Amino acid sequence: MAATVGEMVIAIIVAVVARWGWKFLNWAWLNPKKLEKSLRERGYKGNSYKLLKGDIIELATIVKEARSKPMPISHDITSHVLPFEYYIFNKYGKKSYTWFGPKPRIYVADPELIKEILLKPEEFQRPHREPLRDSIIGGLVVSEGHKWAKHRNIINPAFHLESIKRMFSAICLSCSEMISKWELLTAGSSEAEVDVWPFIDNLAGDVISRAAFNSSYEEARNIFCIQKEQMELALQLLFLLYLPGGRLIPTKANNKFKENRNKLQTLAKDIVDKRKKAIEMGETSNNDLLGILLESNAKEIHENGVGMSMEDVIEECKLFYIAGSETTSTLILWTMVCLSLHQEWQNKARQEITQVFGSGEVHYEGLKHLKIVTMILNEVLRLYPPATMVLRATHKETKLGDMTLPSDVNIIIPIIRVHHDPEVWGGDASEFKPERFSNGIASATKGKGMGCFLPFGGGPRICIGQNFAMIEAKTAIAKILQRFSFELSPSYKHSPFAMFSLPPQFGAPLILHDI
């Protein structure tokens, strides 16, 4: 009898091991080879699959080399920002793919196909849950289906123009505080060399702190600093976490990432709980994003019985911080760099700002009259898009254009390459020419619109905060140009650096001149 029980246990163990062994073999080798064959049959080209690692080692080597030194000062930044993708395109052409571990990623750079992908979010969803990505950027960005639609509907009121208008004084206050710091640096000599990037980075954090949570940057510094550290750690962990069991390896970076994730959750929860209690005590607060969100959520629960859970609200708060600060800070920064390089456009913008506001305060209604500033910002968004690529995936056999893609394939829309494509924008695609937007985006894109100009994504899932980002950027640039002229410092090193947005790897030292 004992022997029989023992044999049964051994048989069960063997069966479990065999089952998991087969699953691993299928995941690590059989399925990737099947997908590779399928993609080649559809005309895609790429490196042959290498067990588990795919192209990760080659990718890491090429990226490390590109980031070891700055590039020449130029707006033709694609090869520096996405060096591995640039290498693959040159080697295999537009219809190419790469391997991120055992997962193939095809590149789609055709504007019509891009438009089709973005207009069909149910068919082309984000890849399945990725703990690294989702612990930093959660909320609407990673939600899908009914959950995304419900959350978007609840959050929408927070980003209506009337809501943003109520937050405008907070935006102005943060900009004025940054400019006051620069005035101290130029006091006495009327000019100073200043690395403007830390100030602009802090400005964006300060604005989102006040506008989202009605608190100053100093009070929200912990959340902001931890999220910055998480992005740095994510770069270190990027390749490790795609190995089987990589998240369990107790490296220093892995442990710190988990510790920070728990801290962020606690800090965001404290902010939400504090505001929720204040509302329950009868306080009204609809002049910031969190207050409007909680008010809209309460209305949804009252009318339909179900809204967002407090965990969902916390995830949206974390997203407010990361998306609200990263997108706008890089837009303002690269606008200053471009205006340093193209003084004629700096002068045109300043003249327009003077015509609209004089030497007085920047006001909300005047922003809509800043046509030249809007042209400049759109051109900067084209040349230096905050997100350099968009990632989607097929979760079943899916038709795209005149071909059918197999299930389980990731799709990369290389935004920065599309924005610099001469076939789309002409031979001057990598030149700074804001005049191409003089008659609006539709005219600049020759009617292709969403398929070739994607600074905030496109389709139903277009960035909910794009109006907020543009208003903040216009306000900041207007107030800066009222007070200073600026040029690149001799110590400036040009190195746009793809992370979750596009910061300058070596900062941005400029010479500020009092006006």
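The values are calculated or read from the model by the stated rules, or taken from the named source; none is laboratory data. What you see is a predicted model; the values in this text were computed from it and never measured. Every residue, glycine as well, gets a Cβ built from its backbone with ideal geometry; the counts of neighbours run over all protein chains shown.
So which pairs qualify, if the first residue must be in segment 133-151 and hydroxyl-bearing (Ser, Thr, Tyr), the second must be at pLDDT 85 or above and part of a helix (DSSP H, G or I), the Cβ gap must be under 7 Å, and the two must be at least 6 apart or on different chains?
Note: pairs meeting the criteria are SER135/ARG261; SER143/HIS151.
Given the conditions (1) touching a residue at least 60 places away in the same chain (Cβ under 8 Å); (2) buried (at least 16 other Cβ atoms within 10 Å of the Cβ); (3) of a type in the set (A, V, I, L, M, F, W, C), which single one is not true for ILE88?
Every listed condition holds for ILE88 apart from (1).
Regarding segment 156-165, can at least one residue be identified that is aliphatic (A, V, I, L, M) and in contact with a Lys or Arg (Cβ under 9 Å, 6 or more places away or on another chain)?
Checking segment 156-165: not a single residue is aliphatic (A, V, I, L, M) and in contact with a Lys or Arg (Cβ under 9 Å, 6 or more places away or on another chain).
Please tell me if ILE301 is closer than 24 Å to GLY138 by Cα and surrounded by fewer than 20 Cβ atoms within 10 Å (Cβ to Cβ).
Yes.
Identify, from the list PHE497, PHE456, PHE484, the residue that is at pLDDT 95 or above and among the aromatic types (Phe, Trp, Tyr).
PHE484
Buried (at least 21 other Cβ atoms within 10 Å of the Cβ) and of a type in the set (D, E, K, R): which single residue out of GLU311, GLU316, GLU280 fits that description?
The conditions single out GLU316.
What is the number of the single condition among (1) farther than 15 Å from ILE480 by Cα; (2) surrounded by 21 or more Cβ atoms within 10 Å (Cβ to Cβ); (3) among the aliphatic types (A, V, I, L, M); (4) at pLDDT 95 or above that LEU341 does not meet?
Of the numbered conditions (1) farther than 15 Å from ILE480 by Cα; (2) surrounded by 21 or more Cβ atoms within 10 Å (Cβ to Cβ); (3) among the aliphatic types (A, V, I, L, M); (4) at pLDDT 95 or above, the odd one out for LEU341 is (2).
Among the listed residues THR266, THR327, which satisfies the condition of being out of contact with any strand residue (DSSP E or B) (no Cβ under 8 Å at 6 or more places or on another chain), β-branched (Val, Ile, Thr) and within 26 Å of THR374 (Cβ to Cβ)?
Among THR266, THR327, only THR327 is out of contact with any strand residue (DSSP E or B) (no Cβ under 8 Å at 6 or more places or on another chain), β-branched (Val, Ile, Thr) and within 26 Å of THR374 (Cβ to Cβ).
If a residue must be over 23 Å from the mean Cα position of the chain (by Cα), charged (D, E, K, R) and assigned to a helix (DSSP H, G or I), how many such residues does segment 80-96 contain?
Looking only at that region, the number is 1.
For residues in segment 457-505 being of a type in the set (S, T, N, Q) and in contact with a Pro (Cβ under 7 Å, 6 or more places away or on another chain), which is surrounded by the fewest Cβ atoms within 10 Å (Cβ to Cβ)?
SER491
Please list, ordered by residue number, the helices (runs of 4 or more DSSP H) wholly in segment 112-203 having 2 or more residues that are of a type in the set (Gly, Ala, Ser) and crowded, with 16+ Cβ neighbours inside 10 Å.
161-186
Based on what the data block shows, is THR335 of a type outside the set (Lys, Arg), buried (at least 23 other Cβ atoms within 10 Å of the Cβ) and in contact with a Ser or Thr (Cβ under 6 Å, 6 or more places away or on another chain)?
no
Within segment 439-454, is there a residue that is hydroxyl-bearing (Ser, Thr, Tyr) and surrounded by 19 or more Cβ atoms within 10 Å (Cβ to Cβ)?
Checked segment 439-454: at least one residue is hydroxyl-bearing (Ser, Thr, Tyr) and surrounded by 19 or more Cβ atoms within 10 Å (Cβ to Cβ).
Filter segment 479-515 down to the residues that are among the aliphatic types (A, V, I, L, M) and not in a loop (DSSP other than H, G, I, E, B) and list them by number.
ILE480, LEU481, LEU488, LEU510, ILE511, LEU512
How do the pairs read when you match residues in segment 351-369 that are under 14 Å from PHE168 (Cβ atoms) with residues anywhere that are basic (Lys, Arg) and at pLDDT below 95, using Cβ under 6 Å and keeping only pairs 6 or more apart or on different chains?
From residues that are under 14 Å from PHE168 (Cβ atoms), the pairs are TYR364/LYS165.
Search segment 298-309 for residues that are closer than 16 Å to LYS276 by Cα and pair each with any residue that is part of a loop (DSSP other than H, G, I, E, B) and not hydrophobic (A, V, I, L, M, F, W, C) when their beta-carbon atoms are under 7 Å apart and the residues are at least 6 apart or on different chains.
Every condition considered, the pairs that remain are GLU300/GLY307; ILE301/GLY307.
Residues to consider are THR388, THR394; find the one that is in contact with an Asp or Glu (Cβ under 8 Å, 6 or more places away or on another chain) and either within 29 Å of ALA170 (Cβ to Cβ) or of a type outside the set (Lys, Arg) (or both).
THR394
Tell me, yes or no, whether segment 58-79 has at least one residue that is within 26 Å of GLN505 (Cα to Cα), within 18 Å of the chain's Cα centre (by Cα) and in contact (Cβ under 8 Å) with a residue 60 or more places away in the chain.
yes
Could you list all residues from segment 37-63 that are closer than 15 Å to TYR92 by Cα, of a type in the set (Lys, Arg) and in a loop (DSSP other than H, G, I, E, B)?
Correct list: ARG42 only.
Can you pull out every residue in segment 380-430 that is part of a helix (DSSP H, G or I), out of contact with any helix residue (DSSP H, G or I) (no Cβ under 8 Å at 6 or more places or on another chain) and surrounded by 20 or more Cβ atoms within 10 Å (Cβ to Cβ)?
Listed by number, the list holds a single entry, ILE415.
Please give the number of the condition PRO386 fails out of (1) of a type outside the set (Val, Ile, Thr); (2) more than 30 Å from LYS103 (Cβ to Cβ); (3) under 22 Å from the mean Cα position of the chain (by Cα).
Here PRO386 meets the rest and fails (2).
Quick one: GLY507 ticks every box in (1) without any contact (Cβ under 8 Å) to a residue 60 or more places away in the chain; (2) on the phi > 0 side of the Ramachandran plot bar one, so which box is it?
Here GLY507 meets the rest and fails (1).
Collect the residues in segment 430-455 that are touching a residue at least 60 places away in the same chain (Cβ under 8 Å) and among the hydrophobic types (A, V, I, L, M, F, W, C), keeping them in residue-number order.
PHE432, PHE437, ILE441, ALA444, MET450, CYS452, PHE453, LEU454
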